[in-house]
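Comments concern the structure below.
No lab work stands behind these numbers, since they all come straight from the coordinates. These numbers were taken from a predicted model, which means no experiment stands behind them. Quick reminder, even Gly has a Cβ in these numbers, built from the backbone with ideal geometry, and neighbours come from all protein chains shown.
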């Protein structure tokens, strides 16, 4: 159950659907190793496969659909065109570096892999660079989770089972994200209404002047 849970949550967090970074999940997997919930090698393999497949999924979506996929609202909430433009401008002509460093930066990750898919990067090239980065990234986080498991367990307020701790984090994060998205939508609607009212006033004034 532990391995299935870790695989699914890491995969979903990896593509940016969950409002929490995948680092938290991988660290929690390290805690699970220390607590005896999971075995070191098997946990590493599960996390590795989950990360590589989620990364390649983002790459494939970028290669297959490109900017057209951003018309879907739920996708545009994770990957915006503005962010893609900034990333491509910063890493212009350095797609391999974009893939490698994207693995280590939470806010850059999904955009990096999606952008790499839209570029001329070959799937094989993407996979070997991402694999190299993941072989560095995963052991570091698992070790940190294992080494500081006591502190992490204390932070989670005595939750003993790793996947229970992850569930708490996910539920709280989703609630926070929901209210943030709701408030943002309300503010945007208010700004739109204000803009519409201002336009109507200007049109009325112009019509009066013409009369």
Subtract the Cα-Cα distance of residue 97 and residue 132 from 0.36 nm times their separation in residues, and report this length gain in nm to one decimal.
11.4 nm
Among 10, 121, 4, rank each residue by its count of other Cβ atoms within 10 Å, from fewest to most, as a rough exposure measure.
4, 121, 10
Can you sort 33, 20 from fewest to most other Cβ atoms within 10 Å of each residue's own Cβ?
20, 33
Sort out for me the Cα centre separation of the range 2-32 from the range 106-147, rounded to whole Å.
15
